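Note sheet for the following structure.
The values are calculated or read from the model by the stated rules, or taken from the named source; none is laboratory data. Source: prediction; values computed, not measured. FYI the Cβ positions are ideal-geometry reconstructions off the backbone, even for glycines, and counts take in every protein chain you see. Just the protein is used for accessible areas: all its heavy atoms, side chains included, with ligands, DNA and RNA removed. Shrake-Rupley method; radii C 1.70, N 1.55, O 1.52, S 1.80 Å.
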Amino acid sequence: MAVVSSLAIPVVIHKRQVLAEPSVEDITRSLSSPAIGGRVFLTAPQMAETRDPTKWPVVMRSLLRIDRPLGYGQWIWNDRGVGPGRTTVRVDLGTQLISVFRGGHEIGTSVILYGAATHETPVGQFPILSKAADYHSRTYDAPMPYTLRLTADGVAIHGSNVASGRATHGCIGLPLEFARRLFQQAKRGDMVLILR
């Protein structure tokens, strides 16, 4: 987790896995499709780098343009101009970020909470097993709004109070409004990739 301190308030830096720098030819080709509507389109070599299913849930075509670090509780959702398509999710525990894709276009990203050392979040590929808009955990006596269950033993993506110093019991905690939007977008069987 990359954390910097500004005025003694910790801020999570929104950073992505670095893709290879495009060649001059790629830059020239991409000038015909620059960042449009808050979106950056990937060049062909950059798209090829996202073909590794152990690192990316889908071949990416565009990313959201993010011009500032995201802090705890912050998120961006922009699906303007993105047509229908399969929803996939990438959770990067190392950068503490979730990315939601539709048809290869990133439509949402947020800072997340994840499992404490005593309750680590599992890594791997997980289909969404079930959805519950108003779930309450009996094990932890805690509300888990907009739950997307990933494992039979209860690991899920759900709405949470995403704040510095907080963790989960293995789940992925999201800001409530972002969790609501993801819940509306996701379907049972959609794939979630969690990696360190």
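In this label model, T151 and A132 are separated by 1.7 nm, measuring between points 7 Å along each Cα→Cβ vector. Taken about its Cα centre, the stretch 68-196 carries a charge dipole of about 300 debye when Lys and Arg each add +1 at the Cβ and Asp and Glu each add -1 at the Cβ.
To the nearest 0.05, how large is the calculated FRET efficiency for D67 and Q185 if R₀ is 25 Å and r is the Cβ-Cβ distance?
On the way: r = 24 Å, r/R0 = 0.95.
Result of the calculation: an efficiency of 0.60.
Based on Cα contacts under 8 Å between residues 6+ apart, the stretch 39-132 shows a relative contact order of 24 percent. The mean sequence distance of close C-alpha pairs (under 8 Å, at least 6 residues apart), as a share of the length of the stretch 75-184, puts its relative contact order at 23 percent. Rolling a 1.4 Å probe over the protein chains gives F41 an accessible area of about 60 Å². Annotation: average projected area of the stretch 72-196 is 7.0 square nanometres, based on the convex hull of Cα atoms across all directions. Along the axis of the charge dipole computed for the stretch 91-149 (Cβ charges of +1 for Lys and Arg, -1 for Asp and Glu, origin at the Cα centre), the listed residues S137, I112, S99 are led at the positive end by S137.
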